[in-house]
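Derivation of every value follows stated rules applied to the coordinates shown; laboratory data play no part. Note that the structure is predicted; figures quoted are calculated from it, not measured. Quick reminder, even Gly has a Cβ in these numbers, built from the backbone with ideal geometry, and neighbours come from all protein chains shown.
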Amino acid sequence: MTRHDLAVIAKSAALSMLLTLPVLLPAAVSAGPEKIVQLGLAEHAPTLKVGGAELTVALGKPHYAAGEAIVMVATATNPTDAPVHIAATVQLVRVPYSSPMSRMRAMPTSTHEAPVVLDLKPGETRVVRLKTHVKMGNGDSAQILASAKGQEHQVILAAAGIGERPKDPMGLGNVELIPVAPIAPDAQDMPVAEPEVPTAPAEPTSADAEVPTAPAVAAVEK
Amino acid sequence: MDARHIAGAALGLALTAACVGLVDGASRAPQRHLLADDAGALSELVIHYVPSAAELSPPVYRDLLRALPDDVVVWVVVPDLPAFDDLVARVGEVGPTLAPVPVGHAMTTWSRDRWLALAPEDEDAPVTILAPMGEDGDDEWPARAGDRRTGSDLADHPLARAFFERSPLYFDGGDFVADAETVFVTPRVLRRSAGRVVEDRAQLLRALEVTLGKRVVLLDEAPEHHAGMFMMPVGGRRMLVGDPSLAAALVDDPEALVAAGGGADFSAATQARFDAVAAQVEAAGYAVTRIPLVPGRDGRTWWTWLNGLLETRGGEGHVYMPTFDAPAPLRAAAEAVWRDAGYIVHAIDATSAYTHFGSLRCLVNVLRRKV
């Protein structure tokens, strides 16, 4: 290979770089480090996704007084064009009041566990009320956790303060504490969820209906 | 066109690809990373103080500030300047420089959980203070709602050299421990963010890795507490993990330990959670050493000698290790583990803090280290 051959190769290389580099380099430079927003993360109301359907669970009313039995309301929506079977477990967790001096909240205790099993038609929404006998004290916090059957992690679907926040900022002096026993080891086998409205002809209902006009076919696993 | 032109064009394309790859790679490389717990010298710390916590945090701060080298700067986040003066009077004469950050709103005395410090590649560049989307309990806990703002309060200080960013994720700073390459994260972060910000575990892992600039190990099972309470990296792919059974074997009446937490919890279920952490850390390629630890039955009040601050200074490892009103054999055994790991132990009495569910590392956040 002569010096002239090398010059031709170098010239061709330079020419091809001249044509391609201005097009490709700016895109690489502007890419920069990935930002978390590019991952599409956005806050939305907590939901549990089960087989294409969405399950939300909230407390039965905006505010519970200390000592009042708590009801949970589960809303399941199937936005897909196909029937969906939902099998999930809902837990009512009590986070006892702790001193505001604490680093973190007191240890959560699972007080009630209810399986929710539903068959949803395409586009159907169902609302199911889950009664419990759980009563909490002033300053406690109620959390609702849910997990889909076979899914390894739980999702916190709702949290709310119970009663009145104790006035004594340093202690528990004027707090009505209600001991709550943790659920029994075999509780998951018990029929703890009670659909408030029994089975009826299946009709889609609106998600915000407090009392479902349709079928809470929410079959409770036994 | 002959073979020379074709060879030249191919060479040019290859060079273009190399240039683009280099630039792209450089710009995509993490430009910041979660500050490691076990590397570098402590340079700037952040503590919170409120006068209502006068019996809780100042005794711990006093021990720590007297043990720290003089070149450390400590940012003191306080509701107002009288609170700063109160703390200064309580800790007495100390070596480090104390710089007040008055914020003008309610807050707690716990700084660790408020934010994570993301260190820049250039250690003289501004640090990123990354705060979670929300504080656990801030809807019904006014001081905790105020805590949500202290990260940006600090970044607003003209001398702090820090940017503030709010993550869409839900976490406490204590949910993370990190070494130079890996961040270990408690399962609680997934529970709080899943179904609300991320779809699933995989998306959370991806988000954390992009954000924190390191490999992320999300613990499958762990004690229901902050990570720094039960594990701590000690450099060289080594990790200390708490072990209640080691503590139980050291005393005559183990169940009576940690009376403030309703007695000690040496149940098989609790032990299994610590063992699960050790197993997962080992599976991640780390050598694990177990250290005595006593969890209380209330699930929150612990004697943990892991919840300290580490630094490497002058080629030597130092640990500022919390101590408690615990039987001497327990502390001695924990100190021995730290010494065997190559650390000089500085004991910091955290007796006044542990009954409030935290300890030394929970009270002190690290803004900057010198590596």
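Dipole magnitude for the stretch B:221-371: about 760 debye, using +1 per Lys or Arg Cβ and -1 per Asp or Glu Cβ, origin at the Cα centre.
Would chain B count as rounded, prolate or oblate if I go by the C-alpha gyration tensor, calling it rounded below 1.5 in a/c and otherwise prolate when a/b exceeds b/c, oblate otherwise? Because a/c hits 1.5 or more and a/b exceeds b/c, chain B counts as prolate.
Dipole of the stretch B:30-370 computed with +1 at Lys/Arg Cβ and -1 at Asp/Glu Cβ about the Cα centre; of B:I47, B:G228, B:I348, farthest Cα towards the positive end is B:G228. If you average the alpha carbon positions of the stretch B:250-270 and of the stretch B:312-353, how far apart do those two centres end up, in angstrom? Answer, in whole Å: 21. I'd like the orientation of helix B:201-212 relative to chain B: the angle between its Cα long axis and the longest Cα principal axis, in ° from 0 to 90, rounded to 10. Helix B:201-212 and the main axis of chain B meet at about 80 degrees.
For B:H33, nonlocal amide neighbours, meaning residues 5 or more places apart or on other chains whose placed amide H falls under 5 Å from its own, are B:A119. So what's the angle, to the nearest 10 degrees on a 0 to 90 scale, between helix B:81-91 and the longest Cα principal axis of chain B? The angle comes out near 60 degrees.
For the stretch B:250-262, backbone phi angles converted through the Karplus equation (6.51, -1.76, 1.60; θ = phi - 60°) give residue-by-residue couplings of 9, 10, 6, 10, x, 5, 7, 5, 6, 4, 5, x, x Hz, Gly and Pro being listed as x. Under 5 Å from the amide H of B:R313 lie the amide H atoms of B:H318, each residue being 5 or more positions distant or on a separate chain, with H modelled from the backbone and absent for Pro and chain starts. Decide, for the protein assembly as shown, between rounded, prolate and oblate: order the square roots of the alpha carbon gyration tensor eigenvalues as a ≥ b ≥ c, take rounded if a/c falls under 1.5, and otherwise choose prolate if a/b is larger than b/c, else oblate. Taking the square roots of the gyration eigenvalues as a ≥ b ≥ c, the protein assembly as shown is oblate. Remark: the stretch B:169-178, residue by residue, has Karplus-estimated 3J(HN,Hα) of 8, 9, 7, 10, x, x, 6, 10, 10, 9 Hz, where x stands for each Gly or Pro and the curve is 6.51 cos²θ - 1.76 cosθ + 1.60 at θ = phi - 60°.
Counting Cβ atoms of other protein chains within 10 Å of each residue's Cβ and taking the mean over peptide B:185-196 gives 5. Determine the distance separating the Cα centre of the stretch B:96-136 from the Cα centre of the stretch A:84-156; give it in Å without decimals. Centre-to-centre distance over Cα atoms comes out at 33 Å. Once the Cα-Cα distance is subtracted from the 0.36 nm per residue extended length, the A:S110 to A:V23 segment shows a gain of 25.4 nm.
Projected label points at A:E164 and B:R206, each 7 Å from Cα along the beta carbon direction, are separated by 5.0 nanometres. Close amide H pairs (under 5 Å, H built 1.01 Å from N) link B:I291 with B:V241, B:G242, B:D243, residues at least 5 positions away or on another chain. In the stretch B:201-314 the Cα-Cα distances spread across 10 Å bins starting at 0 as 14, 41, 31, 13, 2 percent of all pairs. Neighbouring Cβ atoms from other chains, within 10 Å of the Cβ of residues in A:151-163, number 4 on average. Length gained on full extension, B:A125 to B:A180, computed as 0.36 nm times the residue gap minus the Cα-Cα distance: 17.9 nm.
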